[in-house]
Structures are given as C-alpha cells and as structure tokens.
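A.B. asks: Have a look at this one before I ask anything.
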Amino acid sequence: MFGRLLVHGGQHVHAACQQSWGTYDSRVAASPEHRYLAGAVTEILSALADSRLYGYSEAERGRLDFSCILAETWKHLIAGQVLWKHEAFVDRDLRSLLATDEPRLAVYVARHTSKTQAVLREAVADYRKGPLAAAVPRLKVFWIAPDFDADDESSRSIVRDQLRADIANDVLLNVVLGRLNGSDARRLARGGSLPLLGLEVAALAMLATGEFISVKSLAQRLEVSASTTKLRLERLMGTRLLDEKGHTYTVTTAGRAMLRICAELFACDVTSAERLAVGAELSYILGLLEDQPVYEGRSDTARRPRRDIALRDLLWLLAGEASRRWGINWSDFRLAGGVRSGGSVLGFGRT
C-alpha cells in the first residue's frame, strides 16, 4: 500500500513515498522540488480519501511521476507528470499523459514561469490539431510558484495548501464527485413544506438503491401524491442530482456524492456543544461546497450577508428526516471497508 507523505512541521518523508518518487528521464537528476511535488499529489488524494467519499489505491506508475486510482461508483485513473526544469520535456510529458487507449485524467504539475507557460500553450495547441485532440480536455495543469523551495518548511506548507485546494476543486469536485456544489445542495431544502423536509433526499436514495418502475410506485413508497413526487423529481433534475433518460430516472455522479455525504454526516456523533463531530477531510470538502454569502435588502440600503444554516448541518438534518420519516438506511451508502480499497468500485447506484 502506498505510504503516507508527512509534510508538516519537521517530519520526514515516509520511505514508501521516497521509493515511489522518480524522474521521467533517468539521465536527468530530479530536483528536490520535483520529488516533493510528485509525492505531494498522491499524498493529498490519499489523505482526502479519509472523507470516505471515494476509495484510493496506488496504480502502476511506469514512466510517470505519479499514478493512482480513485473509485466511487466508477474508477478514475489519475496519471501525472511534474515539470520543474527542462522545458524541452514538455512535448514528451504530454505524449506520455495523453497518448493512451485507457481513459484517465492527466495531471501536469508545472513551474509557473513565462517560458514554461509559452512552451506548454504551444504544445497543447498543436495537440488540439492532431490525432490526440480528443484527449486534451482530460488534461489539468496545476501551476506552482517559481520560487518554491522544497528545503524550506514554510514554502512546502504554502505549496501543499495550494495543491490541496486545486486538486480538491479540479479533480474531486469537478470529476470524481460530478461537479457537486453547495448551491444545488441547499436547493433541496428550499421551497418545500416543513412536513416534507427531506423528501427529495429520500427519493434520491430510493432511486439509487432500487429500480425505477413508475412515478406512481415511487409515490406509494414515499407515501405522497404522484404530483408531489413528480415535482420533487423535477427539482432533483434541476440540481443535476438526477437524470431522466427515456422513461426512467438515474442518479448522477453528483447525486451519488450527495448521498455519500449525507450518509457520513448521519453517522457523525453530536458533541456536547451540539456540533457535529465531522472529520477534518470531510469538513474540508464541505467547506469548498459552501455557498457564497446571500445578500438581502434593497440596493439603496446597507446590505448584510444572510447567514443560512451551515451546509453540513443542513444535510445532516435532511438525512435525519429521510431516515426518520421514510426509513432510509444510510449504512447502505457508506464506503464498505477501508478507504484504501485496492481500486474496488463502490457498490450502490451503478447504472
């Protein structure tokens, strides 16, 4: 199993990570910055898997700088290269990332200099015109400040925080979790009557674990009218948590992510201060999902941000109501076994 990279304080790098670090060309010695960045990407993805929203496993690296598998209902292969010096390697790096028959997300971590940016822009433009054009949209570039010093603790901390935010947004939220966002999540609690709070979440859970027969049959399971059920299904489609294909409904990747978040929050203990005891990694991802402040008041008056209930508390409430009123068993939606699952696919909701 892939070792954990320790980057805080004065702690040393785990030996397993050191062994996994490499350089694209053995004739060129990898710099400390190159080695650090190659290990940091997979360490961040491994650590964020403790949110229990996806599984993490090591993948065959070959001549890549790093590679891993992120598994939700589908597997996502992540392949990456690091460019710190030697801009002449850009074309070769891109070919190693894009010229493959297996679908994978290509991650390129590069030093942000004007020369590197120009070389990379020209290379990508050429690839867009060639036989690998279809693979270019899978490329994600993460820029690193050119003055990054891997021997400086403060510099490492700043770069790691930047990489963590970039990876969580561009890889996890936009790909693995299906572009889930806090605004869509909050809409599930708006516009409905209090007695039916949690109905959309309950319907989503039922559709994820059972075959859709008809709106009428789903309404019977929910013990509401068919018209109410149809309205709530339309709301779920409006938030991109549900998709209608032909005469059936399927839960989207974002919908599955929403259900996993609800399941993890439902399993959280409530502290003596009546706060949810949410793990650090899940709390971090929920923080990224939070809405921007909503302002109310006329434009000619002082406007104040309206503080809604925290997103994690809202989803915990919806999950609780779905369990209490409609009998949703949230253990069905939790990641079975360890988060470092050897690349196995998580079971529910696969269509």
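The values are calculated or read from the model by the stated rules, or taken from the named source; none is laboratory data. Please read all numbers here as calculations on a predicted model, not as lab measurements. Note: ideal-geometry Cβ built from the backbone for every residue, glycine included; neighbour counts use all protein chains shown.
A.B. asks: Mind counting the residues in region 59-81 that are in contact with a strand residue (DSSP E or B) (Cβ under 6 Å, 6 or more places away or on another chain) and under 18 Å from residue 100 (Cβ atoms)? Step through it out loud before you land on a result.
C.D. replies: Keep residues of region 59-81 that are in contact with a strand residue (DSSP E or B) (Cβ under 6 Å, 6 or more places away or on another chain), which gives 59, 61, 64-71, 75-81.
From what is left, the residues that are under 18 Å from residue 100 (Cβ atoms) are 59, 61, 64-70, 75-81.
Number of matching residues: 16.
A.B. asks: Of all residues in region 204-220, which are without any contact (Cβ under 8 Å) to a residue 40 or more places away in the chain and either at positive phi or not in a loop (DSSP other than H, G, I, E, B) (or both)?
C.D. replies: Going residue by residue through region 204-220, those that are without any contact (Cβ under 8 Å) to a residue 40 or more places away in the chain are 210-220.
Listed by number, the residues that qualify are 215, 216, 217, 218, 219, 220.
A.B. asks: Another question, then. Would you point out the residue of region 142-166, among those that are in contact with a strand residue (DSSP E or B) (Cβ under 7 Å, 6 or more places away or on another chain) and not in a helix (DSSP H, G or I), that is surrounded by the fewest Cβ atoms within 10 Å (Cβ to Cβ)? Walk me through it before giving the result.
C.D. replies: Residues of region 142-166 that are in contact with a strand residue (DSSP E or B) (Cβ under 7 Å, 6 or more places away or on another chain), as a first pass: 142-144, 146, 159, 163, 166.
Those still in the list that are not in a helix (DSSP H, G or I) too: 142-144, 146.
Numbers: 142: 20, 143: 16, 144: 21, 146: 13.
Only one residue fits best here, namely 146.
A.B. asks: Hey, residue 139 hits all of (1) closer than 30 Å to residue 282 by Cα; (2) buried (at least 18 other Cβ atoms within 10 Å of the Cβ); (3) of a type in the set (A, V, I, L, M) but one; which does it fall short on?
C.D. replies: Failing condition for residue 139: (2).
A.B. asks: Please go through region 48-64 and pick out each residue that is surrounded by fewer than 17 Cβ atoms within 10 Å (Cβ to Cβ) and in contact (Cβ under 8 Å) with a residue 24 or more places away in the chain.
C.D. replies: Within region 48-64, 50, 63 meet the criteria.
A.B. asks: Would you check if residue 181 is surrounded by 14 or more Cβ atoms within 10 Å (Cβ to Cβ), closer than 28 Å to residue 56 by Cα and either touching a residue at least 12 places away in the same chain (Cβ under 8 Å) or of a type in the set (D, E, K, R) (or both)? Can you show your working first?
C.D. replies: Numbers: surrounded by 14 or more Cβ atoms within 10 Å (Cβ to Cβ): yes; closer than 28 Å to residue 56 by Cα: yes; either touching a residue at least 12 places away in the same chain (Cβ under 8 Å) or of a type in the set (D, E, K, R) (or both): yes.
The answer is yes for residue 181.
A.B. asks: Note down all Cβ pairs under 8 Å where the first residue falls in region 162-175 and is within 15 Å of residue 104 (Cβ to Cβ) and at pLDDT below 95, the second is assigned to a helix (DSSP H, G or I) and aliphatic (A, V, I, L, M), and they're at least six residues apart or on different chains.
C.D. replies: 171/45
A.B. asks: Could you identify the single residue in 27, 104 that is surrounded by fewer than 19 Cβ atoms within 10 Å (Cβ to Cβ), of a type in the set (D, E, K, R) and either at pLDDT below 85 or under 24 Å from residue 133 (Cβ atoms) (or both)?
C.D. replies: On the way: 104 fails: surrounded by fewer than 19 Cβ atoms within 10 Å (Cβ to Cβ).
Within the list 27, 104, the selection yields 27.
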